[in-house]
1. Ranked from the most accessible area to the least, with a 1.4 Å probe and all protein chains present, what is the order of Ser114, Ser176?
2. Would you mind calculating the relative contact order of the chain from Cα pairs under 8 angstrom and at least 6 residues apart, reporting the percent as a whole number?
3. Can you figure out the FRET efficiency of Leu91 with Cys136, using R₀ = 51 Å and their beta-carbon distance, to the nearest 0.05?
4. Can you pull out the GluC sites (Glu not before Pro) in the stretch 240-314 whose DSSP state is coil and whose Cβ has at most 13 other Cβ atoms within 10 Å?
5. Within the stretch 133-215, report the GluC sites (Glu not before Pro) that DSSP leaves as loop and that have at most 13 other Cβ atoms within 10 Å.
6. Sort by residue number and report every cysteine in the chain with no other cysteine beta carbon within a distance under 4.7 Å.
7. What shape does the chain take by its C-alpha gyration tensor, where a ≥ b ≥ c are the square roots of the eigenvalues and a/c under 1.5 counts as rounded, a/b above b/c as prolate, and the rest as oblate?
8. May I ask you to derive the relative contact order of the stretch 133-193, considering only C-alpha pairs under 8 Å and at least 6 residues apart, and to give it as an integer percent?
Amino acid sequence: MENEYDIIIVGCGPAGMTAAIYAKRAGMKCLILEKLSPGGQIMITPMVENYTGFSKIDGFSLGQKMFEQVKAFGIDVEFCEVHNIELDGKLKKVKTGAKTYVAPVVVLAMGAASRTLGTQEDKKFVGKGLSYCTVCDGAFFKDKKVAIVGGGNTALEDIAYIYNIAKEVVHINRRSEFRADDKNIQEYQKLLKQKNSKIIPKYGYVVEKLCGEKKLESIDIKNLKDGTTENIKLDGLFVAIGRVPQTEILDKELDLDENGYIIVDEHMKTSIDGVYACGDITHKSLRQIATAVGDGSIAGTYASLYVKKIKAEK
Ligand code: NAP
């Protein structure tokens, strides 16, 4: 059958691409489905310096290199949105708008999407001053005033990136501690201590309201200690408050942790036979390119062994 594969991998980030490379080398007929562009989250990562073998490389270039390798192996890749995955039965069904692909094994590598602020105005201002990606949109704010929300690695790296572009950077974090690596905290503190630093720290605050007519003009932030609010005029707002796993297209509930991440065993197998998961969508303690690639290699290997086992049983 034209749309029948041994393994279908949903998601073309580092985890999905690595799973595909391992599966292809194990002799599998495999397909990657991706709704956007290859690379996933790393495509919007300003600089990577903790992926072994690359002292310093921008995320876009690293993603391109990974994708070149996928293409060199002759792995099928389709760019289309998956609307539904039926995980029950011997043949899993992966449905896009136009087609249904089937395979005995599916590898879920859809990653996680940016968490939104949850204000009533979130949708109104996306692309009109509100962004989730400094690499994509930072250049629009040259010599302008921006705010960055969050205290994790993404937020601190975003601040380091936009610092040389923007005129002022308001940093809004709900705590005065950061959930980031020491290296990123040190770089951030260096910028903060610079003479006439562009960073205006607002710790212990959350964003409560986005204001503006056609585009974002200001935000209301709330002091979590005393409940008072303050209005800050700005040109751009970058939100980097973590990520949420992309599991909504699954038709059947897999075992998930309390935050919605998929629970896998040491072979990256989920609670359903023939369904594997890898990368940021899984329950894990460290979400990195290196760990996504590691997960992908395990998922690709054990998914292939499973296909071989069921073929031998036929
Ligand atoms: P993260 O590590 O989950 O940090 C999220 C930040 O946003 C935290 O400061 C959190 O505050 C805050 N936050 C969460 N929900 C919020 C809300 N509703 N309102 C206000 N603030 C909120 O997320 P991330 O920085 O996007 O990173 C995601 C994963 O990728 C992490 O595992 C990270 O280590 C990894 N990553 C690694 C690198 C690197 O190694 N170079 C770079 C980027 C990302 P609390 O701390 O108070 O919860």
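1. Solvent-accessible surface, decreasing: Ser176, Ser114.
2. 22 percent
3. Rounded to the nearest 0.05, the efficiency is 0.85.
4. Glu248, Glu253, Glu258, Glu266
5. For GluC sites (Glu not before Pro) across the stretch 133-215 that sit outside H, G, I, E and B with at most 13 neighbouring Cβ atoms in 10 Å, the list reads Glu177, Glu213.
6. Cys12, Cys30, Cys80, Cys211, Cys278
7. prolate
8. Taking the mean separation of contacting Cα pairs over the length of the stretch 133-193, I get 37 percent.
The values are calculated or read from the model by the stated rules, or taken from the named source; none is laboratory data. Computed from a predicted structure; not experimentally measured. With ideal geometry, Cβ positions are generated from the backbone for all residues, glycine too; neighbour counts draw on all protein chains shown. Heavy atoms of the whole protein, side chains included, go into the accessibility calculation; ligands, DNA and RNA do not. Shrake-Rupley method; radii C 1.70, N 1.55, O 1.52, S 1.80 Å.
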